[in-house]
1. Out of all the residues in the stretch 72-97, which are closer than 27 Å to HIS134 by Cα and open to solvent by less than 10 Å² (accessible area, probe 1.4 Å)?
2. So GLU112 passes all but one of these: (1) open to solvent by 60 Å² or more (accessible area, probe 1.4 Å); (2) in contact with an Asp or Glu (Cβ under 8 Å, 6 or more places away or on another chain). Which condition number does it fail?
3. I need every pair where a residue in the stretch 202-216 that is in contact (Cβ under 8 Å) with a residue 40 or more places away in the chain and farther than 13 Å from LEU226 by Cβ has its Cβ under 7 Å from the Cβ of a residue that is aliphatic (A, V, I, L, M) and open to solvent by 10 Å² or more (accessible area, probe 1.4 Å), sequence separation at least 6 or different chains.
4. Could you run through the stretch 97-115 and say how many residues are within 16 Å of GLU140 (Cβ to Cβ) and not hydroxyl-bearing (Ser, Thr, Tyr)?
5. Confirm whether ARG146 is of a type in the set (D, E, K, R), in contact (Cβ under 8 Å) with a residue 60 or more places away in the chain, surrounded by 15 or more Cβ atoms within 10 Å (Cβ to Cβ) and within 22 Å of GLY181 (Cα to Cα).
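The values are calculated or read from the model by the stated rules, or taken from the named source; none is laboratory data. Because the structure is predicted, anything quoted here is derived from the model rather than measured. Don't worry about glycine lacking a Cβ; one is built from the backbone with ideal geometry, like all the others, and counts go over all protein chains shown. In case anyone asks, the SASA skips ligands and DNA or RNA and just uses the protein heavy atoms, side chains included. Shrake-Rupley method; radii C 1.70, N 1.55, O 1.52, S 1.80 Å.
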Amino acid sequence: MAAVVLPCGALTDDHPVYFVTGRSVWVPADGGERNVLATRKRRKSEWEALCRRGIQDAVVRILSRDGAQALTMERVAAEAGVAKGTLYLYFRDKKQLLASVKEESLSPMREELFAILDGQLPAREKLQQFVSRHLGYFDEHRDFFRVLLWDRQLAETTLRRQQSARFRAYMDKLAGAFREGSQAGVFRPLDPFKLAAMLIEADVAMIAQRLLQEAPAPVEEDARMLLDVFLNGISTRRVGAGRRT
């Protein structure tokens, strides 16, 4: 079947999407397969999602390969194989583009962590898997997140982070794990939301340290240390611990 190639942003009613290659979307020139997408709205939505994802993937490649200093809207457009004007259809500027890429990169991690916290494991095992997976995800995407850290794209004040909806979602689910542990007699009956905030901030600090190090310790080693200190403290003997309840 004869075909034409349309750049991102060029979808029309006469050209339903046919199949996708790395940088181009192919469509049948005769418009003969209009059932590929059910409606015009769905075609437009999926087309725009493909364009956004292609642009975001281009940003990740540039950051990982050349660093943040090489990232410009022109470079992104060239890497994604789209016109520069198309870029501005989806992203106002470089700052918004980076924020979108960061959000897209962290979304799979949140899904994994929420699945752990929503699971049926005992509270202590939930925390162990949560910390290990949190640290491990950043290791798996180390080059990309190191660039964002050095470019201060990952830097947030504690107050700003704790005011975000994403942080509150983590808080709610982690607090549930602490509440379960308290009810089971595994943890002391302390404020579960304060405990959740403390653990998340400890995780964030450990992730930053690991990204800054050229050769960090194995993930499981740091995860065990973090959780051991959090649950058991650092004193070799209990001195001045205050009143325990």
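1. If the condition is that a residue be closer than 27 Å to HIS134 by Cα and open to solvent by less than 10 Å² (accessible area, probe 1.4 Å), then LEU97 is the only one that fits.
2. Single failed check for GLU112: (2).
3. Pairs found: LEU211/LEU149.
4. Matching residues across the stretch 97-115 total 9.
5. Working: of a type in the set (D, E, K, R): yes; in contact (Cβ under 8 Å) with a residue 60 or more places away in the chain: yes; surrounded by 15 or more Cβ atoms within 10 Å (Cβ to Cβ): yes; within 22 Å of GLY181 (Cα to Cα): no.
Judged against the criteria, ARG146 is not a match.
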